[in-house]
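Visitor: Please find one structure pasted underneath; my questions will follow.
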Amino acid sequence: MNTLLPTTVVGSLPKPSWLAEPETLWSPWKLEGDALLEAKQDALRIAIHEQSRRGIDIVSDGEQTRQHFVTTFIEHLSGVDFEQRKTVRIRDRYDASVPTVVGAVRREQSVFVEDAKFLRATTDQPIKWTLPGPMTMVDTLYDDHYKSREKLAWEFATILNQEAKELEAAGVDIIQFDEPAFNVFLDEVKDWGVAALERAAEGLRAETAVHICYGYGIKANNDWKATLGSQWRQYEETFPLLQSSSIDIISLESQNSHVPMDLIELLRGKKVMLGAIDVASETIETPEEVADTLRKALQFVDADKLIASSNCGMAPFPRDVALAKLSALSAGTGIVREELERSAPKV
Ligand code: ZN
């Protein structure tokens, strides 16, 4: 693996059309039973093969085995009734019909551990696994039991920690928690969000990451982004809290976003997973564009702490677009890596 500026994907990649409806977020499976299990594993093999072939250093399952980055995890917990649905506003942005928390939430068994073991057996490269973050989980449900977002988040954090420890034992190198809610509920991030996240990551030897983005390139997100003005400064409030937290890696979006690059300085000392690939546009970045984004970031993060990635998941893209973007990411990162190696003092 490239130890300088390793590349990775944030999470999801498009699924093959024989597994689920393409270019659709959260689309239902086309198979069931054993055939579905086999198809998911085949899709995961393809995802690994393409990442590896296209120069991605830290590979993921491309979320081929799950339908939704939050709900699939929650489906495996007791205490949540998927039949009792309520309409709530997700991330203060769009209404969705969600399941109800009706009792104490508990993880009766592992959720992703078998999938992670399969991933581990499929590749020798470092692997990263994504889990939802506690606050984002809370924000995807109607709570009729705890009646407190903080209390429910704490319960989820405990459950996530159990799962993360098993993923670590299965050989996962980096465990990433997805917390898009951190860009919305800034007061809660301060009050209990970061503490709940640290609880989820407690005692892990694997590296831990938190991914905070402005969402997939879907209409509700794009409309929301249009209201955020010319400079997106949400990170300004959360980064100092994360800088002093126990989390190792902070994943943020940058390419084509209105996030001022100098906000990364607030994370100095932490590893930064920088989004150099836009997931809201099908236009393929040129390697030079990727290189330019990374060069700008290097003003604010040490080279040995920079990881190059996409802004967010790429599930909604046509497959050829997502794969071409992976190639652009590694080609662009390669340019900067060479520049750094050339300018490094010879010993
Ligand atoms: Zn994201």
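Visitor: I want to confirm something. Restricting to the stretch 154-165 and keeping residues that are of a type outside the set (F, W, Y) and touching a Lys or Arg at 6+ places or on another chain (Cβ under 9 Å), which single residue is surrounded by the fewest Cβ atoms within 10 Å (Cβ to Cβ)?
Guide: Q162
Each row is one residue, and each column tells you yes or no for (1) surrounded by 24 or more Cβ atoms within 10 Å (Cβ to Cβ); (2) among the hydrophobic types (A, V, I, L, M, F, W, C); (3) within 16 Å of the ligand (Cβ to nearest atom); (4) outside any loop (DSSP other than H, G, I, E, B).
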{"position": "F182", "(1), (2), (3), (4)": "yes, yes, yes, yes"}
{"position": "K190", "(1), (2), (3), (4)": "no, no, no, yes"}
{"position": "L204", "(1), (2), (3), (4)": "no, yes, no, no"}
{"position": "T208", "(1), (2), (3), (4)": "no, no, no, yes"}
{"position": "G215", "(1), (2), (3), (4)": "no, no, yes, no"}
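Visitor: Only one of (1) away from the ligand (no atom under 16 Å from the Cβ); (2) surrounded by fewer than 19 Cβ atoms within 10 Å (Cβ to Cβ); (3) not hydroxyl-bearing (S, T, Y) fails for W224. Which number is that?
Guide: (1)
Visitor: Going by what's in this entry, would I250 be described as within 16 Å of the ligand (Cβ to nearest atom) and surrounded by 23 or more Cβ atoms within 10 Å (Cβ to Cβ)?
Guide: Judged against the criteria, I250 is a match.
Visitor: Residues in the stretch 71-78: is at least one under 30 Å from E188 (Cα atoms), at pLDDT below 95 and within 16 Å of the ligand (Cβ to nearest atom)?
Guide: yes
Visitor: From (1) within 16 Å of the ligand (Cβ to nearest atom); (2) within 20 Å of the chain's Cα centre (by Cα); (3) farther than 24 Å from D304 by Cβ, pick out the condition that doesn't hold for V259.
Guide: That leaves (3) as the condition not met.
Visitor: Hey, A121 hits all of (1) buried (at least 17 other Cβ atoms within 10 Å of the Cβ); (2) over 24 Å from R199 (Cα atoms) but one; which does it fall short on?
Guide: Of everything listed in (1) buried (at least 17 other Cβ atoms within 10 Å of the Cβ); (2) over 24 Å from R199 (Cα atoms), A121 misses just condition (1).
Visitor: Moving on to the next point. Taking the stretch 216-250 as the region of interest, how many residues are under 25 Å from A315 (Cβ atoms) and at pLDDT 95 or above?
Guide: 4
Visitor: Across the stretch 1-32, which residue is farthest from T333 (Cα to Cα) among those that are within 16 Å of the ligand (Cβ to nearest atom) and assigned to a loop (DSSP other than H, G, I, E, B)?
Guide: The residue in question is W26.
Visitor: Moving on. For E282, which of the numbered conditions (1) out of contact with any strand residue (DSSP E or B) (no Cβ under 6 Å at 6 or more places or on another chain); (2) surrounded by 17 or more Cβ atoms within 10 Å (Cβ to Cβ); (3) acidic (D, E) fails to hold?
Guide: Only one criterion is unmet by E282, namely (2).
Visitor: What's the number of the only condition in (1) closer than 27 Å to I127 by Cβ; (2) among the small types (G, A, S); (3) surrounded by fewer than 24 Cβ atoms within 10 Å (Cβ to Cβ) that S244 fails to meet?
Guide: Result: S244 fails condition (1) only.
Visitor: Can you spot a residue in the stretch 61-79 that is assigned to a strand (DSSP E or B) and touching a helix residue (DSSP H, G or I) at 6+ places or on another chain (Cβ under 6 Å)?
Guide: no
The values are calculated or read from the model by the stated rules, or taken from the named source; none is laboratory data. The structure presented is a predicted model; accordingly, all values stated were derived computationally and were not measured. Glycine also receives a Cβ, built like all others from the backbone with ideal geometry; neighbour counts cover every protein chain displayed.
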